[in-house]
Amino acid sequence: MPSILQFFPEQASSFAHDVDALTLWLIGMGAFFTVLIAGLVIVFAIKYRRRSPDQVGENFHESPLLEITWTLIPLVIVLFTFVWGAKVFFRLYRPPAGAIEYHVTGKQWMWKTQHPTGQREINELHLPVGRAVKLTMTSEDVIHSFFVPAFRVKADVVPGRYTSMWFQPTKPGRYHLFCTEYCGAQHSRMIGWVTVLPTDDYQTWLASVPVQQTPIEQGAALYARLGCAECHGEGGGRGPDLNGVFERDVRLASGERVGADETYLRESILDPGAKLVAGFGRTMPSFRGQVDEEQMHTLIRYLKSLPETRAAAAPVAPENVVR
Ligand code: CUA
């Protein structure tokens with residue numbers, strides 16, 4: 001098998017094989033029909049060529065059977081390909097529950113990563129083998145794109161919103177990481193390495209990197225420093241209670257409902273009036289310029305952790321929140 005697949009990069013994630021199989025199928029189908037059609041064009045051009053200057057083409061009659069056949073066969077093939085592709089797609093885009101969450105920030109021209117335990121790296125990411133990994137990604141400036149060929153994953157990294165990807169590395173090794181969106185003069189140098197380690201080595205590696213606080217602790221400190229609790233704490237009342245806010249269905253002053261995902265929380269911190277929660281005034285100032293993307297990530301990690309980290313979870317005013 002490896003000899004025929006050397007055309008592809010190394011397979012180092014749980015769905016690399018599926019992606020390759022689908023790609024081979026598409027290439028195979030494309031090649032088959034290209035050869036078939038081009039071959040028939042040539043054969044027919046020779047076989048039915050005009051043999052004398054006064055030769056006239058014969059009358060011919062359409063054949064329903066032939067037409068139905070050449071419609072049905074491609075239909076079956078493309079539907080089969082669609083169902084197969086959709087299955088692979090859904091697998092690629094739905095991270096399993098319990099995936100370890102890492103954070104990635106793209107910036108001209110480097111990749112900054114942070115582990116859930118707080119370790120930070122630049123143009124490097126160390127991961128344990130055999131565990132599902134989810135990357136939450138954003139950019140500080142322009143659009144970048146995170147691509148690890150050996151894992152068969154690629155996703156745009158966009159300023160102003162969060163994108164994510166997941167994969168499960170299947171074997172230890174060092175795998176090239178590329179930026180695949182032209183992002184300025186040094187784009188071609190925006191490369192790095194993902195290092196997959198056996199679990200024990202990963203733990204050793206984690207222990208070898210000094211870290212003061214986890215992202216959640218950093219977020220909690222920032223939350224306190226920015227004075228968020230004055231309005232959003234229990235009994236604050238001027239802003240919605242943020243306990244368990246993540247992935248809640250929030251009713252807005254406009255009557256709309258939105259899911260409180262990472263992008264919503266980020267927007268509400270930078271532009272509080274954009275999606276005002278029903279029942280609250282425009283009292284919150286924007287924190288634009290006061291928190292960078294990495295701090296924003298820690299704030300959101302803290303908000304996501306809230307029901308557990310704040311022991312006494314205050315009930316949320318029912319008129320403001322639809323669960
Ligand atoms: Cu970042 Cu290209």
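The values are calculated or read from the model by the stated rules, or taken from the named source; none is laboratory data. Computed from a predicted structure; not experimentally measured. Note that we place each Cβ from the backbone using ideal geometry, even for glycine, and neighbour counts take in every protein chain shown. We work out accessible area using only protein heavy atoms, side chains counted, and drop any ligands, DNA or RNA first. Shrake-Rupley method; radii C 1.70, N 1.55, O 1.52, S 1.80 Å.
Among the listed residues VAL83, VAL78, VAL88, which satisfies the condition of being in contact with a helix residue (DSSP H, G or I) (Cβ under 8 Å, 6 or more places away or on another chain) and open to solvent by less than 100 Å² (accessible area, probe 1.4 Å)? Before you say what the answer is, go through the steps one by one.
Details: VAL83 fails: in contact with a helix residue (DSSP H, G or I) (Cβ under 8 Å, 6 or more places away or on another chain); VAL78 fails: in contact with a helix residue (DSSP H, G or I) (Cβ under 8 Å, 6 or more places away or on another chain).
Residue meeting the stated conditions: VAL88.
Among the residues of the stretch 115-139, those that are over 21 Å from GLN213 (Cβ atoms), within 16 Å of the ligand (Cβ to nearest atom) and not hydroxyl-bearing (Ser, Thr, Tyr) comprise ASN123, MET137. Residues that are more than 16 Å from the ligand (Cβ to nearest atom) and surrounded by fewer than 15 Cβ atoms within 10 Å (Cβ to Cβ) within the stretch 181-206 comprise PRO198, THR199, ASP200, GLN203, THR204, listed in sequence order.
Determine whether VAL56 is loosely packed, with under 14 Cβ neighbours inside 10 Å and either in a loop (DSSP other than H, G, I, E, B) or touching a Pro at 6+ places or on another chain (Cβ under 6 Å) (or both). Yes; evaluated as a whole, the condition is true for this residue. Counting the residues of the stretch 164-180 that are surrounded by fewer than 19 Cβ atoms within 10 Å (Cβ to Cβ), assigned to a strand (DSSP E or B) and within 11 Å of the ligand (Cβ to nearest atom) gives 1.
The criterion of at least 3 residues that are open to solvent by less than 30 Å² (accessible area, probe 1.4 Å) is met by the following strands (runs of 3 or more DSSP E) wholly inside the stretch 94-146: 100-107, 110-114, 124-128, 133-139.
Give the number of residues within the stretch 147-163 that are part of a loop (DSSP other than H, G, I, E, B) and either within 12 Å of the ligand (Cβ to nearest atom) or in contact with a Cys (Cβ under 7 Å, 6 or more places away or on another chain) (or both).
Of all residues in the stretch 147-163, those part of a loop (DSSP other than H, G, I, E, B) come to 152, 158, 160-162.
Next, from what is left, pick out any that are either within 12 Å of the ligand (Cβ to nearest atom) or in contact with a Cys (Cβ under 7 Å, 6 or more places away or on another chain) (or both): 158.
Qualifying residue count, the stretch 147-163: 1.
Where helices (runs of 4 or more DSSP H) fall entirely within the stretch 191-261, those with at least 3 residues that are in contact with a strand residue (DSSP E or B) (Cβ under 9 Å, 6 or more places away or on another chain) are at 199-208.
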